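Every number here is computed from the coordinates shown, using simple stated rules; none is lab data. Given the structure is predicted, the values throughout are model-derived calculations rather than measurements.
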Amino acid sequence: MPAPPNAATFPPDQWHYALVLAACLAITLPLEFAGARVYRRPRRLARALAPALLFLAWDVAAIAAGVWEIRPGHTLGAWLAPGLPIEEVLFFVTIPLCALLTFETVRRIETVRRTRVGDRE
């Protein structure tokens, strides 16, 4: 059953987007210490995040054209461009970063596993 219109939610709606992004980072941050080495290779990290600029431009164009909108009540209220909240920019940084951390960790685990299997043969 939906909450009454004036009922307070926890966390408040404007925090949902930011909290999900923070959770993604918190969950994947330990992977850096497990050997992902993403933060220690800034050029590779920059290359992985570069496509975010294209998606941000696309996002701004789509918002300006009225293709979609982001409700102000669902953001923290910090806008970088008309209709573009800071959370949207953080999304385009956070998701590729988390994916890269996961990929590098899996690749490292596989490398270690193959090395150990090779040592046994």
Quiz item: Which ³J(HN,Hα) values in Hz, rounded to whole numbers, follow from the phi angles of region 70-86 under the Karplus curve 6.51 cos²θ - 1.76 cosθ + 1.60, where θ = phi - 60° and Gly and Pro get x?
Solution: 10, 5, x, x, 9, 10, 6, x, 8, 10, 9, 7, x, x, 10, x, 4
Practice problem: Bin all alpha-carbon pair distances of region 13-120 at 10 Å intervals from 0 and give each bin's fraction as a whole percent. | Solution: 14, 35, 28, 15, 6, 2, 0
